[in-house]
Amino acid sequence: MRRTLRWAATAVAAALILTSCASQRDNDDPTGEGGEDTGGGGTSVGDATFTFAASANPGSLDPAFASDGESFRVARQIFEGLVGTVPGTADPAPLLAEDWDVSDDGLEYTFHLKEGVQFHDGTDFNAEAVCFNFERWNNFTGVAATESLSYYWLKVNGGYAEDGNGKYDSCEAADAATAIVRLSSPLPEFVAALSLPAFSMQSPTALEEYGADDVQGASDAPVLPEYALEHPTGTGPFVFESWSPDEQVVLTANPDYWGEQGQVGRVVFPIISDPTARRQALEAGDIDGYDLVGPADVVALEEDGFEIVDRDAFNILYLGMNQAAEGLDDLTVRQAIAHAIDREALVAATLPEGTEVATNFVPPSVVGYNDDVMQYEYDQDQARSLLEEAGYGPDNPLTLDFTYPTNVSRPYMPTPEQVFERIAADLEDVGITVEATPLTWNPDYLDRVQGGPDHGLHLLGWTGDYNDTYNFIGVFFGQASPEWGFDNPELFEMIGDARVLPDIDEQTVAYEEANAALLEFLPGLPIAHPVPSLAFREGIVYPASPVQDEVYNLVELPE
């Protein structure tokens, strides 16, 4: 059976509902009683084990130092933020903050906090803990204050205390249940952004005890501290038990969780990088489900009775062109590359059914999507002509490094190796020599692409966190970034000005103009909006809660 799930946005798999015939892999229970009432704030904890295959290791167990879906899938079980989302949407909803007030000038946010909540280590969640987290993010320094680690704080806030570029000003604990966050300039998506796992509340006690900010190494090869590897401590429904890199992450139910508990007492995320191996694990009954189903596996699994769920393509796959690399700083070369690639054929051969070729860096459903941007039709003769104009040809061939990820599947790119092979072949056809640099996703690939200038072409993408245009083009192009290697103040200002326009009609026009300018400047090439698929064994039913990923939402249904 296949169903299509309409959703706003998420970077990770959504909530699941487990029927009474689902998971049979129960925890050992010597009492034979299981599921006893723990006396915590919510319902009793069940004893079932839910096993969901991940495609890669989490990049970090500290969500403040993460930007990838595999990290956030784990984080959403352990941590909670001030703000959640309304089931089925990306609209903000109360979570650890029961409600909030915003001043007329948009510079002061007063959060009224849920009381009686504790972190997993027994530390009280209160306004002082909230301010500790905000001050921590804003005062990152050194390697911690780089795009390869505190990615979301940099992209949303715009900077850190040490550089003075951020919008965050201060946080005040007015009383134990009231935290007041002040900004230096308006940030319209501030509340929506707080629903991101990167802004989860973490135990101040654990952060200090395990040296959470003691990051070593360099921005393109950071070495994470003990906290981010072994001691993540939140308020969520599951407690961290263990992480065996390249094997699995194991969580257990939080017996003192303040909210509702489902039937699941243990969650296992086995790490299976190969899509075929994930499919085989599902067929063998070793796992309950997995995300990022390979396009070639969808029909076969469906025919064998597995549940296939297609999600809306709220994403973008792109070819990045780092202008710090020789040759790519020439717009004519970037235009030649764009014309050389047969995106229609690439989509048909490597991406799931229903995938659309992209022309913008945002999906069509996002405000500011522009049908009238510069088009780069597949035309290899035009590509050769442009290369010749730029001074390249048989006697002076252009050689480019092409970095791509291995041993991973992403929602916007289930088979990276296949995408690389198609693009590289097209580039070779027009006379460009491609030097392949394959790197494992974690930790090598993201650190190389986002942490320094040592790359040329690269494959990457994005799944929207919430329905906001800045969450796409602002994250990519709102300021200078090692990923793209250019400094264009006019473009940065255009995107930043659109971000804060109060009138939606004016903002739509401004973002349309920004999208058009991007495609003329051509920092990269939008390739596609792929349709991600999930697969589950019989008995797993997918609910209408697409932006949720919390396993505690697993509940038993009558047959």
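Condition test on I473, is it over 16 Å from K167 (Cα atoms) and surrounded by fewer than 20 Cβ atoms within 10 Å (Cβ to Cβ)?
Numbers: over 16 Å from K167 (Cα atoms): yes; surrounded by fewer than 20 Cβ atoms within 10 Å (Cβ to Cβ): no.
Here the answer is no, as I473 does not meet what is asked.
Quick check on my filter: what residues within region 154-168 are among the polar types (S, T, N, Q) and surrounded by fewer than 14 Cβ atoms within 10 Å (Cβ to Cβ)?
N165
Anything in region 428-476 that is in a helix (DSSP H, G or I), more than 14 Å from S148 (Cα to Cα) and in contact (Cβ under 8 Å) with a residue 60 or more places away in the chain? List them, or say none.
D429, T469, Y470, N471, I473, G474
Please work out which residue is nearest to S185 (Cα to Cα), limiting yourself to region 106-133 and to residues that are open to solvent by 50 Å² or more (accessible area, probe 1.4 Å) and assigned to a strand (DSSP E or B).
E108
Tell me whether region 542-555 contains one or more residues that are part of a loop (DSSP other than H, G, I, E, B), modelled with pLDDT under 95, closer than 25 Å to A277 by Cβ and among the β-branched types (V, I, T).
no
Residue by residue, here is whether (1) without any contact (Cβ under 8 Å) to a residue 60 or more places away in the chain; (2) farther than 14 Å from M201 by Cα; (3) of a type in the set (G, A, S) holds:
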position: A64; (1), (2), (3): no, no, yes
position: G69; (1), (2), (3): no, yes, yes
position: V74; (1), (2), (3): no, yes, no
position: G81; (1), (2), (3): no, no, yes
position: P87; (1), (2), (3): no, yes, no
position: P92; (1), (2), (3): no, yes, no
position: W100; (1), (2), (3): no, yes, no
position: S103; (1), (2), (3): yes, yes, yes
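Please specify each residue of region 205-216 satisfying the condition of being out of contact with any Leu (no Cβ under 7 Å at 6 or more places or on another chain) and closer than 15 Å to F140 by Cα.
Going residue by residue through region 205-216, those that are out of contact with any Leu (no Cβ under 7 Å at 6 or more places or on another chain) are 205-214, 216.
If the condition is that a residue be out of contact with any Leu (no Cβ under 7 Å at 6 or more places or on another chain) and closer than 15 Å to F140 by Cα, then L207, E208, G211, A212, D213, D214, Q216 are the ones that fit.
What are the residue pairs meeting all of these: first residue in region 121-133, first residue under 15 Å from N254 (Cα atoms) and of a type in the set (V, I, T), second residue open to solvent by 10 Å² or more (accessible area, probe 1.4 Å) and part of a loop (DSSP other than H, G, I, E, B), Cβ atoms under 7 Å, and 6 or more apart or on different chains?
none
For region 391-414, give me each residue that is open to solvent by 20 Å² or more (accessible area, probe 1.4 Å) and either modelled with pLDDT under 95 or over 30 Å from Y290 (Cα atoms) (or both).
Answer for region 391-414, where residues must be open to solvent by 20 Å² or more (accessible area, probe 1.4 Å) and either modelled with pLDDT under 95 or over 30 Å from Y290 (Cα atoms) (or both): G391, Y392, G393, P394, D395, N396, P397, T399, D401, T406, N407.
Within region 412-424, does at least one residue satisfy the condition of being more than 20 Å from S533 (Cβ to Cβ), among the polar types (S, T, N, Q) and in a helix (DSSP H, G or I)?
No, because not a single residue in region 412-424 is more than 20 Å from S533 (Cβ to Cβ), among the polar types (S, T, N, Q) and in a helix (DSSP H, G or I).
Please go through region 80-105 and give me each residue that is in a loop (DSSP other than H, G, I, E, B), touching a Ser or Thr at 6+ places or on another chain (Cβ under 7 Å) and open to solvent by 10 Å² or more (accessible area, probe 1.4 Å), ordered by number.
The first filter runs over region 80-105 and keeps only residues in a loop (DSSP other than H, G, I, E, B), leaving 81-82, 86-91, 95-96, 103-105.
Subsequent filtering for residues that are touching a Ser or Thr at 6+ places or on another chain (Cβ under 7 Å) retains 81, 87-88, 91, 96.
Listed by number, the residues that qualify are P87, G88, D91.
How about region 202-300: which helices (runs of 4 or more DSSP H) wholly inside it have at least 1 residues that are under 26 Å from N133 (Cβ atoms) and either out of contact with any His (no Cβ under 7 Å at 6 or more places or on another chain) or open to solvent by 50 Å² or more (accessible area, probe 1.4 Å) (or both)?
Passing ranges, in order: 204-209, 226-230.
I'm checking my understanding of the structure. Among residues of region 331-384 that are outside any loop (DSSP other than H, G, I, E, B) and free of Cβ contacts under 8 Å to residues at least 40 places away in the same chain, which one is least open to solvent (accessible area, probe 1.4 Å)?
So, considering only residues that are outside any loop (DSSP other than H, G, I, E, B) and free of Cβ contacts under 8 Å to residues at least 40 places away in the same chain, the one least open to solvent (accessible area, probe 1.4 Å) is A348.
What is the one condition in (1) over 27 Å from D426 (Cα atoms); (2) buried (at least 17 other Cβ atoms within 10 Å of the Cβ); (3) under 22 Å from the mean Cα position of the chain (by Cα) that E307 does not satisfy?
If we test E307 against (1) over 27 Å from D426 (Cα atoms); (2) buried (at least 17 other Cβ atoms within 10 Å of the Cβ); (3) under 22 Å from the mean Cα position of the chain (by Cα), just (3) comes out false.
Find the residue count for region 169-195, including only residues that are over 21 Å from I473 (Cα atoms) and either out of contact with any His (no Cβ under 9 Å at 6 or more places or on another chain) or open to solvent by less than 10 Å² (accessible area, probe 1.4 Å) (or both).
Within region 169-195, residues that are over 21 Å from I473 (Cα atoms) and either out of contact with any His (no Cβ under 9 Å at 6 or more places or on another chain) or open to solvent by less than 10 Å² (accessible area, probe 1.4 Å) (or both) number 14.
Can you name every residue in region 421-445 that is within 18 Å of the chain's Cα centre (by Cα) and open to solvent by less than 20 Å² (accessible area, probe 1.4 Å)?
W441, Y445
Every residue in region 310-330 that is part of a loop (DSSP other than H, G, I, E, B) and either of a type in the set (D, E, K, R) or open to solvent by less than 40 Å² (accessible area, probe 1.4 Å) (or both), please.
Selection gives D312, A313, F314, N322, Q323, A325, E326, G327, L328, D329, D330.
The values are calculated or read from the model by the stated rules, or taken from the named source; none is laboratory data. Everything numeric here is computed off the predicted structure, so don't read it as measured data. Every residue, glycine as well, gets a Cβ built from its backbone with ideal geometry; the counts of neighbours run over all protein chains shown. When the accessible area is computed, the model is the full protein with side chains, heavy atoms only, and any ligands, DNA or RNA have been set aside. Shrake-Rupley method; radii C 1.70, N 1.55, O 1.52, S 1.80 Å.
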